Each structure stands twice: as structure tokens, then as C-alpha cells.
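Asker: Below: one structure in C-alpha cells.
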Amino acid sequence: MSVGRENWGSRFGFIMAAAGSAIGLGNVWRFPYITGTNGGGAFLLIYLGIIVAFGVSLALAEMVVGRTAQRNPVGAFRALGGARWAGVGFLGVFTGFAILSFYIVVAGWTLAYIVQSLRGGLHSTDPKVLEAAFGAFVSDPVAPIVYAGLFIGLTAWIVVGGIARGIERWNKILMPALFVILLVLVARALTLPGAAQGLSFYLVPDFSKVSTRTFYDAISQVFFSLSIGMGTLLTYGSYLSKQENLPSAALTVVLLDTCAAVLAGLMILPAVFAFGFNPSAGPGLTFITLPAVFASMPFGAVFSVLFFTLLAIAALTSAVSILEPMVAYFVDEHGLDRRRTVIVAACVCFLLGVPASLSFGLWNGFTLFGKTWFDLMDFLSNNLLLPIGGLLTALFVGWAWAQPAAHHLSNEGKLHQPWSPLWLFVLRYVAPLGILWILLSSLLK
Ligand code: TRP
């Protein structure tokens with residue numbers, strides 16, 4: 001079945017593609033505002049702790065399942081664990097639709113902000129003006145939907161193009177560029193007058209702000225940011241040859257992603273305090289804070305265009321990695337035509353994205369369980385589906401498939417991996433118990 005399946009061109013290409021998947025809106029848009037609403041420093045510490053405790057292990061678990069099976073999530077779990085594990089793959093396919101429905105909306109905002117910066121709009125350091133401009137844009141019933149449509153269209157175009165010549169080639173150029181721009185902006189943000197207060201908010205933990213909720217948000221942010229829990233890394237791993245050293249690749253990807261998130265926090269949070277924004281402003285935080293930073297620096301308009309372009313691209317490489325697993329499923333398992341599958345899946349995502357966009361305007365009043373459609377999709381995927389997907393993956397690799405997993409991880413014994421019992425221990429106990437504890441305690445509250 002794996003005959004004729006595409007592969008990555010190189011190990012570097014795979015790492016860049018996986019990092020491109022991991023680094024996206026989750027780092028630059030979601031991480032700073034979630035940190036802001038959770039009180040800053042203590043959240044950062046818990047976030048990093050969870051990555052070390054089981055984030056890395058889970059990323060590795062997904063990759064080894066994918067590489068061994070050389071299949072999409074459903075096919076991989078079925079091939080390695082039998083029919084009853086295939087459900088984990090289905091869950092992932094479903095999760096992909098939920099994530100894309102709100103992801104394309106925010107990604108659409110980045111496209112709109114490119115256009116805005118090109119036109120020289122947004123030139124203000126006044127929080128009121130920037131908040132109003134953001135609010136007016138996202139609550140518009142047409143423009144943000146058009147941008148979301150444009151974005152999913154671009155995503156579909158790349159996914160139709162395939163792995164090595166589409167996804168891989170672009171990531172290799174654009175990820176390094178993103179890091180350079182991030183560093184420049186961090187330098188500007190840190191030298192703003194009044195930045196120190198933001199820095200201490202971000203780096204000095206205040207444990208009085210910690211609750212179960214903090215852990216819950218940190219776990220879901222780890223899953224979202226590292227792209228674990230829905231079969232993305234599994235699918236990317238399935239395009240990898242069996243000679244690669246997986247653990248070092250996984251570690252590199254996790255490190256790059258974590259650096260990007262920490263840097264994004266250093267870029268946004270000092271500026272929040274310097275200009276007097278509210279750190280718990282929610283999803284708009286990045287979009288109202290950064291324009292103020294740009295307006296306060298020389299050549300701000302140029303940086304603004306560059307930054308939102310790179311952010312849009314980071315979002316694109318992530319969106320591609322959310323769409324790819326579902327497409328791989330329909331193509332591998334049902335023999336459907338790749339191009340047609342991509343078009344249909346993209347249309348479904350777009351239709352789900354429309355109410356998500358309208359959540360900020362026209363349909364603001366329609367709520368389910370007290371949440372708008374946008375919040376509901378975000379909550380459902382990040383706080384429930386991804387952790388559950390990660391939990392089941394850990395149980396599968398840690399218990400049902402442990403011996404083969406260690407064997408395949410070491411490339412059939414060729415690599416020396418004295419720590420692999422620790423890895424299995426994490427997948428058996430640490431990850432499942434940690435995730436379960438958080439899920440239950442937040443549901444029972
Ligand atoms: N990690 C990406 C981001 O930070 C989003 C993403 C891509 C993702 N693929 C995923 C999230 C798979 C969860 C699962 O923006």
C-alpha cells in the first residue's frame with residue numbers, strides 16, 4: 001500500500017516541515033494571549049514543565065507510529081493495533097476539521113493585516129484606536145470570511161501539490177526568516193519604555209494565580225503548539241525513511257517550537273505593558289499590540305508587512321499539516337483522487353469557518369454551552385479532542401505496542417537508546433495520568 005507514496009527529500013526537510021507544522025498561530029497568536037489570561041510567569045513555567053514531562057515523548061510516539069506503518073492515522077493504528085485502535089485515527093481526522101474551522105479565520109486576519117500594512121493603515125500607538133480597528137474588522141460580516149476563504153484556498157493548493165516540492169521547499173526558506181524577524185521585534189519590544197513591567201509579568205512566576213485551569217490551559221497549549229494529538233506528526237513521520245534518527249529529529253522540532261513560543265511572548269507581553277493594553281484581552285491581543293510596536297519603530301510599516309507575511313506563511317505551513325492527515329486518510333484508505341479530496345475537504349472547512357468568523361459579529365449572540373462557535377471549536381479541539389487523542393496515543397504506544405515501538409524507534413536495534421524504558425514509562429504512566437487528571441478535574445468542576 002505504501003508503494004508510490006511520496007517521501008521527504010532530506011532529513012533537514014522533514015525537520016523543517018515538522019517545525020513548520022508546529023510553529024504557527026499557536027505560537028505567535030495563541031501562546032501570548034493564553035499566557036496573558038493565565039497570569040504570565042507561572043503559566044510559562046508550567047507550560048515548559050509539561051513539554052519536558054510528556055510533550056516530547058508524545059511527539060516521538062506519534063512519529064514512530066507513522067514511520068513504522070507508513071500510513072495515514074487511521075490506517076496506521078489499524079495496521080499496528082488492529083481494528084479497535086483505528087478509532088484513534090478517526091478521532092484525529094475529525095479533530096482536524098474542528099481545528100481548521102477556527103484556524104483559517106485567524107489566519108485570514110493575518111492576510112488582512114498584510115493588506116492593511118501595505119496600505120499604511122494601523123499607524124497608531126493608541127490602544128483605543130487599535131482595539132477599535134481590530135473590532136471593526138473582525139466583526140464585519142464579509143471581509144474576514146473572504147480572507148478565510150482565500151487562506152483555505154492557498155492551503156488546499158499546497159496540499160494538492162504534494163510533500164517534497166510543496167511543503168518541504170517552502171518551509172526550508174521561510175522558517176529561518178521567521179526567526180530572524182522575531183528576534184528583531186523582540187529587541188524592539190524589550191527596549192520600549194515601560195517594557196520591564198511586562199517582562200516581569202512574563203518571567204517572574206506568581207503562583208497565587210495558579211489553578212487547575214492553568215494546568216488545563218497549559219496542557220492544551222502544549223498539544224496545540226507541538227501539533228500532537230490528531231495524527232499530524234504521525235502522518236509527517238509516515239513520509240520518512242526508516243534510516244533516520246527519530247529522537248534527535250523530534251527533539252529539534254520541539255526545541256524550535258518552544259523557542260518560537262517563548263520569543264513570541266517576549267515580543268508581545270512587554271509591549272502590552274509599555275502601551276497600556278490589557279494582557280487578558282484574549283484572541284485580539286497580538287493583532288492590537290503589534291501594530292503599536294510597529295508604529296513606534298523606524299521603518300515600522302516595512303516590518304509590519306514582513307511580519308504579517310511571515311506569520312501568514314507560518315500559519316499556512318501549519319494549516320497544510322492539519323489538512324494533510326485527513327486527505328491522506330481518504331486517499332490511502334478509500335482510494336479517492338487526491339485533488340478532489342482536497343477540494344471537498346477544504347470546502348467543508350470553509351463552511352465550518354463561516355460561523356466561526358461570524359462569532360465576532362453578526363452571530364455573536366448565538367452561543368452553545370455559553371460559547372460562540374469560534375470559542376466552541378477552539379475549546380472542543382484544544383481542550384478535549386487533542387488531549388484525548390494524545391492520551392489514547394500514549395496508551396497505545398506505552399501498553400499495546402510497547403515492545404515493537406522501542407524496537408522500531410531504535411531502527412531495529414541499530415541506534416543505542418538506553419533511555420527508551422524511561423520513554424515508555426512516560427507513555428505508560430506520566431502522560432495518561434497527567435492528562436486524565438486534568439481532564440477529569442476540569443470536567444467535574
Ligand atoms: N501547531 C500549529 C500551531 O502552533 C497548529 C497545528 C498544526 C496543529 N497541526 C496541528 C495543532 C495538529 C494540533 C494538531 O499553530
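The values are calculated or read from the model by the stated rules, or taken from the named source; none is laboratory data. What you are looking at is a predicted structure, and each value in this text was computed from that prediction instead of being measured. Positions of Cβ are backbone-derived with ideal geometry, glycine not excepted, and every protein chain shown enters the neighbour counts. We work out accessible area using only protein heavy atoms, side chains counted, and drop any ligands, DNA or RNA first. Shrake-Rupley method; radii C 1.70, N 1.55, O 1.52, S 1.80 Å.
Asker: Hey, got the dipole for the chain? About the Cα centre, +1 on K and R Cβ, -1 on D and E Cβ, debye to the nearest 20?
Answerer: Working: 23 positive and 17 negative charges, 101 e Å.
About 480 debye.
Asker: Moving on. Please work out whether the chain counts as rounded, prolate or oblate from its C-alpha gyration tensor, where a ≥ b ≥ c are the square roots of the eigenvalues and a/c under 1.5 means rounded, while otherwise a/b larger than b/c means prolate and anything else oblate? Write out the running numbers ahead of the final one.
Answerer: Details: a/c = 1.62, a/b = 1.41, b/c = 1.15.
The shape class here is prolate.
Asker: Angle check, please: helix 386-395 long axis (alpha carbons) against the longest principal axis of the chain (alpha carbons), in degrees 0 to 90, nearest 10.
Answerer: Around 30 degrees separate the two axes.
Asker: Now for a different question. Largest first, how would 408, 334 line up by accessible area (1.4 Å probe)?
Answerer: Details: 408 45, 334 105 Å².
The residues order as 334, 408, largest area first.
Asker: If you fit an axis through the alpha-carbon atoms of helix 212-226 and take the longest principal axis of the Cα set of the chain, what angle between them do you get, 0 to 90°, nearest 10?
Answerer: The answer is roughly 70 degrees.
Asker: Among 269, 89, 230, pick out the residue whose Cα is farthest towards the positive end of the charge dipole of the chain, where Lys and Arg carry +1 and Asp and Glu carry -1 on C-beta, about the Cα centre.
Answerer: 89
Asker: For segment 123-136, just list the computed ³J(HN,Hα) in residue order, Karplus coefficients 6.51, -1.76 and 1.60, θ = phi - 60°, integers in Hz, with x standing in for Gly and Pro.
Answerer: 8, 7, 10, 8, x, 5, 5, 5, 5, 5, 5, 4, x, 5
Asker: With +1 on each Lys and Arg Cβ and -1 on each Asp and Glu Cβ, how big is the dipole of segment 109-211 about its Cα centre, in debye rounded to the nearest 20? All intermediate terms of the calculation are to be shown ahead of the outcome.
Answerer: Values: 7 positive and 5 negative charges, 66 e Å.
Dipole size: approximately 320 debye.
Asker: Can you compute the helix-only [θ] at 222 nm over the chain? Use -39500 (n - 2.57) per DSSP H run of at least 4 residues, normalise by all residues, nearest 500 deg cm²/dmol. List each step's numbers first, then the result.
Answerer: Working: 21 runs with 308 residues, N = 445.
Per the formula, -22500 deg cm²/dmol.
Asker: Next question, about the same structure. Enter the Cα centre distance for the pair segment 175-254 and segment 1-80, rounded to the nearest angstrom.
Answerer: Cα centroid of segment 175-254 versus Cα centroid of segment 1-80: 11 Å apart.
Asker: Could you work out which residue, out of 364, 27, 171, moves most in a Gaussian network model of the chain, that is, has the largest mean-square fluctuation with Cα springs under 10 Å?
Answerer: Checking each option, the largest mean-square fluctuation is seen for 364.
Asker: Loop-only check: which chymotrypsin sites (Phe, Trp or Tyr not before Pro) in segment 151-210 are DSSP coil with at most 15 other Cβ within 10 angstrom?
Answerer: Values: sites: 151, 157, 170, 179, 201, 202, 207; in loops: none.
Here no loop site has a sparse enough neighbourhood.
Asker: Can you pull the accessible area of residue 254 for me, 1.4 Å probe, Å² to the nearest 10?
Answerer: 10
Asker: Can you give me the angle between helix 143-161 and the longest principal axis of the chain, using Cα atoms only, in degrees from 0 to 90, rounded to the nearest 10?
Answerer: Helix 143-161 and the main axis of the chain meet at about 30 degrees.
Asker: Averaging sequence separations of C-alpha pairs under 8 Å and six or more residues apart, then dividing by the length of the chain, give the relative contact order as a whole percent. Could the numbers behind the result be given before it?
Answerer: Details: 740 pairs, mean separation 154.7, N = 445.
RCO, the chain: 35 percent.
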